[in-house]
Amino acid sequence: MSTITAVKGQTKQPKLKGTKPAIFIDGEAGTTGLEIRRRLADVAGIEVLAIAPDLRKDEGARAELMRKADLVVLCLPDDAARQAVALADTLGSEAPRIVDASTAHRVADGWVFGFPELEAGQAQKIIAARRVSNPGCYSTGAIALLKPLVAAGALPADYPLTINAVSGYSGGGRSMIEAYEAGTAPLFDMYGLGLEHKHVPEIVLRAGLTRRPIFVPAVGNYRQGMLVCVPLHLDTLPGKPSAKDLEAVYAKHYAGAKLVQVIPAEHPSNKSGRLDALALNGSDVLEVRVFGNDKRGQAVLVARLDNLGKGASGAAVQNIGLMLGLAG
């Protein structure tokens, strides 16, 4: 499933280098790169440039493909992504626009954060950007939950937050994927218990927080699918809002969004008090839900998404569509 989204009245697109948009995926052999390439195969009117396997680390060959491309997607480790940006910089006026799927530039100056639903005008910033940092999977869910509440004043920026999350193993890199597919990994594994997970800085910056949250990620014995949860004591929030009040903030913030859906408390899927992490696999949708108990003054905010969809490759394809003016 590919998600290409156009915005009415969008900024005029830069002139193409050829007759149709050309895209080069630098690091296409990894999980994210393969998924982006698969999704782009469904998009008409573009050209996806390929590099020979034996030239993937050849700077000359990569630079030549960057020169030909209108847009380069970086699916590389952080250090390699920084080196790729430096390589693109050597091309001067022939340098391509960039979407970086690594962590390297998510809080860097000069890069636009690739979450179109973040706030009003964010999609237009992506459209006009030369360089876009694709959000992390966990941070996409966390920011989707926190940013609207902080922006509306419903959640203080310095609130002592805890974020709990579970993901499929496909988001964990080659060694984790190999361990799970070989059957040698545990059924459920908490990690990042040193409290220095690489997604926390972008959560703090993009959600507008002033206090660092405690983030506790975990991985389950399944390939893909993600739940991100934030528990709250409602009576500690300004105005002591109800769960329904928080849901209303989300409904207003995401009104008109195609890929972020606010699922109301009365929806039938919420009646069981259970939530399947795998239900959105293959989709680029992110669901926001508020499970509340007003009698107890408690709520749990939940974002559900496919960690390879809106959490990675699907988000990259959405940003590609905005940057290249593709509709679909």
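The values are calculated or read from the model by the stated rules, or taken from the named source; none is laboratory data. Just so it is clear, the structure is predicted and the values come from calculations on it, not from any experiment. All Cβ positions, glycine included, derive from the backbone under ideal geometry; neighbour counts span all protein chains shown. What goes into the accessible areas is simple: the full protein's heavy atoms, side chains included, and nothing from ligands, DNA or RNA. Shrake-Rupley method; radii C 1.70, N 1.55, O 1.52, S 1.80 Å.
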Checked V48, V112, V99 against criteria (open to solvent by 10 Å² or more (accessible area, probe 1.4 Å) and either touching a Leu at 6+ places or on another chain (Cβ under 7 Å) or polar (S, T, N, Q) (or both)); the one match is V48
Do the conditions hold for V166, that is, is it more than 18 Å from G114 (Cα to Cα), part of a strand (DSSP E or B) and under 20 Å from the mean Cα position of the chain (by Cα)?
yes
Residue pairs within 7 Å by beta carbon, gap of at least six or interchain, first lying in the stretch 194-216 and surrounded by fewer than 17 Cβ atoms within 10 Å (Cβ to Cβ), second at pLDDT 95 or above and aromatic (F, W, Y), listed first then second, are R211/Y159
Within the stretch 282-306, restricting to residues that are touching a residue at least 60 places away in the same chain (Cβ under 8 Å) and open to solvent by 50 Å² or more (accessible area, probe 1.4 Å), the one that is farthest from the chain's Cα centre (by Cα) is D294
The lone condition L234 fails out of (1) more than 14 Å from I143 (Cα to Cα); (2) hydrophobic (A, V, I, L, M, F, W, C); (3) under 18 Å from the mean Cα position of the chain (by Cα) is (3)
Selection over the stretch 115-137 where residues are buried (at least 22 other Cβ atoms within 10 Å of the Cβ) and either modelled with pLDDT under 95 or touching a Gly at 6+ places or on another chain (Cβ under 9 Å) (or both) yields a count of 8
Scanning the stretch 51-78 residue by residue, those surrounded by fewer than 16 Cβ atoms within 10 Å (Cβ to Cβ) and not in a helix (DSSP H, G or I) turn out to be A52, R56, K57, D58, P77
Pairs returned, first residue in the stretch 162-177 that is over 25 Å from L146 (Cβ atoms), second residue that is at pLDDT 85 or above and assigned to a strand (DSSP E or B), beta-carbon separation under 8 angstrom, 6 or more apart or interchain, are Y169/V219; Y169/G220; M176/V219
